[in-house]
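The values are calculated or read from the model by the stated rules, or taken from the named source; none is laboratory data. These numbers were taken from a predicted model, which means no experiment stands behind them. When we count neighbours, we look across all protein chains shown, and the Cβ atoms used for this are built from the backbone with ideal geometry, even at glycine.
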Amino acid sequence: MKQSGGSEDQKRRAGERAAARVDDGAVVGLGTGSTAAHAIRELGERVDAGLDVVGVPTSFASRELAREVGVPLADLDAVDGVDVAIDGADQVVGVHSDDETGAASSVLVKGGGAAHAREKLVDAAADAFHVVADPSKLAASVSVPVPVEVLPAARTVVADAVRDRGGDPSLRRADRKDGPVVTDNGNLVLDCTFDAVDDPRALATALSTTPGVVEHGLFVDLADTVHVGTDDGVDVHD
Ligand code: 5RP
């Protein structure tokens, strides 16, 4: 499912630049994935240097990394609000690599790490949501499978509903094992391929209203900025 072609340096530049925007005293949503991990590490460096922040992790993996690098943590239900969230994406629709001043994308595809339910919760709660990405994530339209987290018992009925909308659902399986990927919430993931997603908002609404769907990976109108790490800097789309 994961298909990033970006370099680690590009991801690091994006993550570090977004982390540099975090103010002292902030509650920070900590995204999941290799690009968001660079932001968490940079926050750890800044905490070492005296920055006072509280991180709200979006996954077991982001919690573990934050603990390792010394970012203090709290659960979402233990904070009054989230000032800023920093998170990666599998696809960022509508931002072009030669467009240095374009608006932030209003459609993201997330969930390559099966963490999109908690990611959406935290990213949507944040006053500002900074997306961090490399140029390989930029696309003109949704062209990667849309991850859909489902209750285990709902796997077949949700798969049927996806087929009814012209999609091709595939149960995500763990690498080198026969068993399915199980999310941090104890659910399964259907990766749903669509030939064309002409109206991502309509698809998002249809998936959200399908019984048994816990959350899907279409993030519509949530991003405030997109930080795209390049070979020699960062393009910031506000
Ligand atoms: C996890 C996500 C990640 O943010 C997304 O998969 C991007 O990961 P990476 O930065 O490793 O390419 O949505 O559910």
Selected residue (criterion: nearest to the ligand (Cβ to nearest atom)) from residues of the stretch 225-238 that are in contact (Cβ under 8 Å) with a residue 24 or more places away in the chain and part of a loop (DSSP other than H, G, I, E, B): 230
Within the stretch 181-224, strands (runs of 3 or more DSSP E) holding 3 or more residues that are of a type outside the set (Lys, Arg) and over 22 Å from residue 106 (Cβ atoms): 188-194
Residues being without any contact (Cβ under 8 Å) to a residue 60 or more places away in the chain and either assigned to a loop (DSSP other than H, G, I, E, B) or more than 16 Å from the ligand (Cβ to nearest atom) (or both) - total across the stretch 15-42: 5
Conditions (1) within 16 Å of the ligand (Cβ to nearest atom); (2) at pLDDT 95 or above; (3) more than 17 Å from the chain's Cα centre (by Cα); (4) acidic (Asp, Glu); number of the one not met by residue 175: (2)
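Please go through the stretch 69-94 and give me each residue that is among the charged types (D, E, K, R) and in contact (Cβ under 8 Å) with a residue 12 or more places away in the chain, ordered by number. I'd like the intermediate steps shown before the answer.
The initial filter retains those residues of the stretch 69-94 that are among the charged types (D, E, K, R), namely 75, 77, 80, 83, 87, 90.
Within the stretch 69-94, 75, 80, 83, 87, 90 qualify.
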Single condition residue 106 does not satisfy, out of (1) surrounded by fewer than 20 Cβ atoms within 10 Å (Cβ to Cβ); (2) at pLDDT 95 or above: (2)
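Can you name every one of the strands (runs of 3 or more DSSP E) wholly within the stretch 48-167 that holds 3 or more residues which are more than 12 Å from the ligand (Cβ to nearest atom)?
Details: elements: 54-57, 82-87, 91-93, 107-109, 126-133, 146-150.
Hits in the stretch 48-167: 54-57, 82-87, 126-133.
Mind telling me which of the residues 56, 93 ends up being under 16 Å from the mean Cα position of the chain (by Cα), farther than 19 Å from residue 21 by Cα, buried (at least 19 other Cβ atoms within 10 Å of the Cβ) and not basic (Lys, Arg)? I'd like the intermediate steps shown before the answer.
Working: 56 fails: farther than 19 Å from residue 21 by Cα.
Being under 16 Å from the mean Cα position of the chain (by Cα), farther than 19 Å from residue 21 by Cα, buried (at least 19 other Cβ atoms within 10 Å of the Cβ) and not basic (Lys, Arg) holds for just one of 56, 93, which is 93.
Matching residues to (1) in contact with a His (Cβ under 8 Å, 6 or more places away or on another chain); (2) under 16 Å from residue 115 (Cβ atoms):
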| position | (1), (2) |
| --- | --- |
| 153 | no, no |
| 188 | no, yes |
| 214 | no, yes |
| 227 | yes, no |
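Look at residue 213 and say whether it is more than 28 Å from residue 14 (Cβ to Cβ) and touching an Asp or Glu at 6+ places or on another chain (Cβ under 9 Å).
Values: more than 28 Å from residue 14 (Cβ to Cβ): yes; touching an Asp or Glu at 6+ places or on another chain (Cβ under 9 Å): yes.
It is true that residue 213 is more than 28 Å from residue 14 (Cβ to Cβ) and touching an Asp or Glu at 6+ places or on another chain (Cβ under 9 Å).
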Pairs with Cβ under 7 Å, 6+ apart, first in the stretch 148-174 and farther than 20 Å from residue 110 by Cβ, second among the small types (Gly, Ala, Ser) and modelled with pLDDT of 95 or more: 154/212; 157/212
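Would you mind finding the one in 154, 204, 159 that is surrounded by 15 or more Cβ atoms within 10 Å (Cβ to Cβ) and under 17 Å from the mean Cα position of the chain (by Cα)?
Checking each option against the conditions leaves just 204.
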